[in-house]
1. State which residue is farthest from the ligand (Cβ to nearest atom) when the search covers only region 194-218 and only residues that are part of a loop (DSSP other than H, G, I, E, B) and closer than 27 Å to residue 26 by Cα.
2. Among residues belonging to region 1-21 that are touching a Phe, Trp or Tyr at 6+ places or on another chain (Cβ under 8 Å) and assigned to a loop (DSSP other than H, G, I, E, B), point out the one that is most open to solvent (accessible area, probe 1.4 Å).
3. Are there any pairs, at least 6 apart or on different chains, whose C-beta atoms fall under 6 Å, with the first in region 167-178 and over 14 Å from residue 209 (Cα atoms) and the second modelled with pLDDT of 95 or more and within 9 Å of the ligand (Cβ to nearest atom), and if so, which?
4. Taking only pairs six or more apart or across chains, which ones have beta-carbon atoms under 9 Å, a first residue in region 115-136 that is in contact (Cβ under 8 Å) with a residue 24 or more places away in the chain and open to solvent by less than 40 Å² (accessible area, probe 1.4 Å), and a second residue that is among the aromatic types (Phe, Trp, Tyr) and near the ligand (Cβ under 10 Å from one of its atoms)?
5. Residues to consider are 129, 175; find the one that is acidic (Asp, Glu), touching a Phe, Trp or Tyr at 6+ places or on another chain (Cβ under 7 Å) and within 13 Å of the ligand (Cβ to nearest atom).
6. Looking only at region 150-171, filter to residues that are open to solvent by 40 Å² or more (accessible area, probe 1.4 Å) and within 16 Å of the ligand (Cβ to nearest atom); which one of those is farthest from residue 96 (Cα to Cα)?
7. Please determine whether any residue of region 88-97 is within 16 Å of the ligand (Cβ to nearest atom), among the charged types (D, E, K, R) and closer than 25 Å to residue 26 by Cβ.
8. Could you check how many residues of region 23-44 are loosely packed, with under 12 Cβ neighbours inside 10 Å and either among the hydroxyl-bearing types (Ser, Thr, Tyr) or not in a strand (DSSP E or B) (or both)?
Amino acid sequence: MQKKEELYSGKAKSVFATDNDDFVVLSFRDDTSAFDGEKVELLSRKGMVNNKFNAFIMNYLAENGIPTHFEELLNDTESLVKNMQMMPVECVVRNVASGSLVRRLGVEDGMTLSPPIFELFLKNDALHDPMINEYHIETFGWAKAADITEMKALTFKVNSLLQKLFAEAGMILVDYKLEFGLFKGKVYLGDEFSPDGCRLWDAETRKKLDKDRFRQGLGGVIEAYEEVAHRIGVQL
Ligand code: CDP
C-alpha cells in the first residue's frame, strides 16, 4: 500500500489517498482544538496516543460485532481505514449529564441519566454543529432513514460495550460522539474514538480524564489520556 496525496485536513487529523481507492490513511496530528476551532494548541504525543487508543477501541468494537472502518495500524501516528462516504452527522450518547446538555437544559452536572440520552448534531463548524433530529437528516438528504436507524442502533450497542470496558478499568463513560459513513452501501463506524471525543471520569474521584482538561485549562491533558490508555491496556 502506497500513501499518496493529502485529500483533506481536519482539526486534528489529515486524510491521505492510497494506491487503492477503497482505502485511505488517517494521520493523527498533535493539534488540539476546542470551541469550534477557537482554542488551538499543539500537545506533544497526542497524535500517537489517540492513534493507538483508537486502534485498540476499534479492534475491541469489531471483535464485538460493530462494523468499523478501521483496517490496521500503520505506524505511531497513522492508520489505514476504509474510504467511506461520511454522513455529516454526529451521534452523541450521554450516560451522565455534562457539557452542552447542562448548558442547554440547566440540569445538574454529574446527574446520572437513566435511560441514557441520544442526540444528533449536524457536523458544521460554521453553524456551530446545531442539534438536529431524524427529520432534518432525512428531509435534507444527509442520510437515508434506514441508515439513521442503523447508526442509532450501533451507537447504543457501542455504549453497552464501552461502558463495560471503562467501568472495569475504574472509569465512567459520561458521554461520547460517534460518526458513521457508508462503504459499498453499508453503514460503518468511522472517525475515531479517543479521549478527544468523549468524557471519561475516574469512578472514585470523578477526576476528568478527557478533553475537558484542555477545554477548561486544567492541565495534564496528555498525561490523563495516557492514564486512560494504560488502564484499559493500550500499548503506547
Ligand atoms: O463538548 P461540548 O460541551 O461542547 O458538547 P457536548 O454536546 O456536551 O459533547 C458531548 C460529547 O461529544 C463530548 O464527549 C464531546 O467531547 C463530544 N463531541 C465531540 O467529540 N465533537 C463535537 N463536535 C461535539 C461533541
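The values are calculated or read from the model by the stated rules, or taken from the named source; none is laboratory data. The model shown is predicted, which means the values in this text are computed figures rather than measured ones. Backbone-built Cβ (ideal geometry, glycine too); neighbour counts: all protein chains shown. Calculation scope for accessible area: heavy atoms of the full protein, side chains included, ligands and nucleic acids excluded. Shrake-Rupley method; radii C 1.70, N 1.55, O 1.52, S 1.80 Å.
1. Restricting to residues being part of a loop (DSSP other than H, G, I, E, B) and closer than 27 Å to residue 26 by Cα, the top hit is 209.
2. Step one: of region 1-21, the residues touching a Phe, Trp or Tyr at 6+ places or on another chain (Cβ under 8 Å) are 1, 3-7, 12-15.
Filter again for assigned to a loop (DSSP other than H, G, I, E, B), leaving 1, 12.
Details: 1: 118, 12: 24 Å².
Among those that are touching a Phe, Trp or Tyr at 6+ places or on another chain (Cβ under 8 Å) and assigned to a loop (DSSP other than H, G, I, E, B), it is 1.
3. The qualifying pairs are 177/90; 177/92; 177/197.
4. Sorted first by the residue in region 115-136, then by its partner, the pairs are 129/121; 132/121.
5. The conditions single out 129.
6. Residues of region 150-171 open to solvent by 40 Å² or more (accessible area, probe 1.4 Å): 150, 152-153, 156-157, 160, 163-164, 167-168.
Cutting the leftovers down to within 16 Å of the ligand (Cβ to nearest atom) gives us 152, 156, 163.
Values: 152: 18, 156: 15, 163: 11 Å.
Only one residue tops the list, namely 152.
7. Yes: region 88-97 contains one or more residues that are within 16 Å of the ligand (Cβ to nearest atom), among the charged types (D, E, K, R) and closer than 25 Å to residue 26 by Cβ.
8. 4
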